[in-house]
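The values are calculated or read from the model by the stated rules, or taken from the named source; none is laboratory data. Only a predicted model underlies this, so the values are computations on that prediction, with no experimental measurement involved. When we count neighbours, we look across all protein chains shown, and the Cβ atoms used for this are built from the backbone with ideal geometry, even at glycine.
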Amino acid sequence: MKCAQRNWSLLLFSCLGINLGLMGSAHAAPKLIEACEACHSTNMVSQVPSYPILHGQKQGYLEKQLEAFRDGTRENPMMAGLVQNLSDSDITELAQHYSQQTFVKEAKQASDRRGADVRARCVSCHGLSGNTVNTEWPNLLGQNHDYIFNQLNKFASGERKSVIMEQIANELTLEQRKQVALYYDQQGRTQ
């Protein structure tokens, strides 16, 4: 069942990717945003914890990631199909749009605090509260648990590239990666 859902999703997003490639207009931002919202709307990221929350994320970080998906330096079949024909201008518009959006996520009442100690490795780049001051690093506060956990695992395996993050992820045990991902997810967010 899960495999069938994944295949259906790949087909759907491949079709969306073809449609995005046909747009090519400087005024395509509303249609581009509409395509992104299929996965990244507030409703979807609330229901699918493996999807990242883009709302309120750093513009520079979003631009860098979209460029990496487009150029093939960050691999994700769904994203590659969607962004392959985006211009630099399209990428800037999308990143600016999502960086200006808000996403409210309530903090969990009974939170698992084990990740608070693990996050000591995270604070120098991602900030004490999970909000970074660097425009090219992501905010982690309130980000979905499954997304953070999956990305840490990709850094640890070398599937996702970053000299710093590969080292940090490899210093963490699988359980610690789960704990820190859960910690940031449970903190909620108001941006």
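Confirm whether L128 is surrounded by fewer than 20 Cβ atoms within 10 Å (Cβ to Cβ) and outside the structural domain of C36 (by TED's automatic domain parsing). So L128 fits the description; yes.
Kindly indicate whether H97 is in contact (Cβ under 8 Å) with a residue 40 or more places away in the chain and not in a loop (DSSP other than H, G, I, E, B). Spelling it out, H97 is indeed in contact (Cβ under 8 Å) with a residue 40 or more places away in the chain and not in a loop (DSSP other than H, G, I, E, B).
Within segment 131-142, the residues that satisfy the criterion of being surrounded by 13 or more Cβ atoms within 10 Å (Cβ to Cβ) and among the hydrophobic types (A, V, I, L, M, F, W, C) are W137, L140, L141. For D117, the criteria (1) of a type outside the set (A, V, I, L, M); (2) surrounded by fewer than 15 Cβ atoms within 10 Å (Cβ to Cβ); (3) over 16 Å from L172 (Cα atoms) hold in every case but one, which is (3).
Step by step: first the residues of segment 152-175, then only those that are in contact (Cβ under 8 Å) with a residue 40 or more places away in the chain and out of contact with any Asp or Glu (no Cβ under 9 Å at 6 or more places or on another chain), then the one that is surrounded by the fewest Cβ atoms within 10 Å (Cβ to Cβ). Which residue is that? Full working, then the answer.
The initial filter retains those residues of segment 152-175 that are in contact (Cβ under 8 Å) with a residue 40 or more places away in the chain, namely 159-161, 168, 171-172.
Checking the rest, the ones that are also out of contact with any Asp or Glu (no Cβ under 9 Å at 6 or more places or on another chain) come to 161, 168, 171-172.
On the way: K161: 13, I168: 19, E171: 10, L172: 19.
That would be E171.
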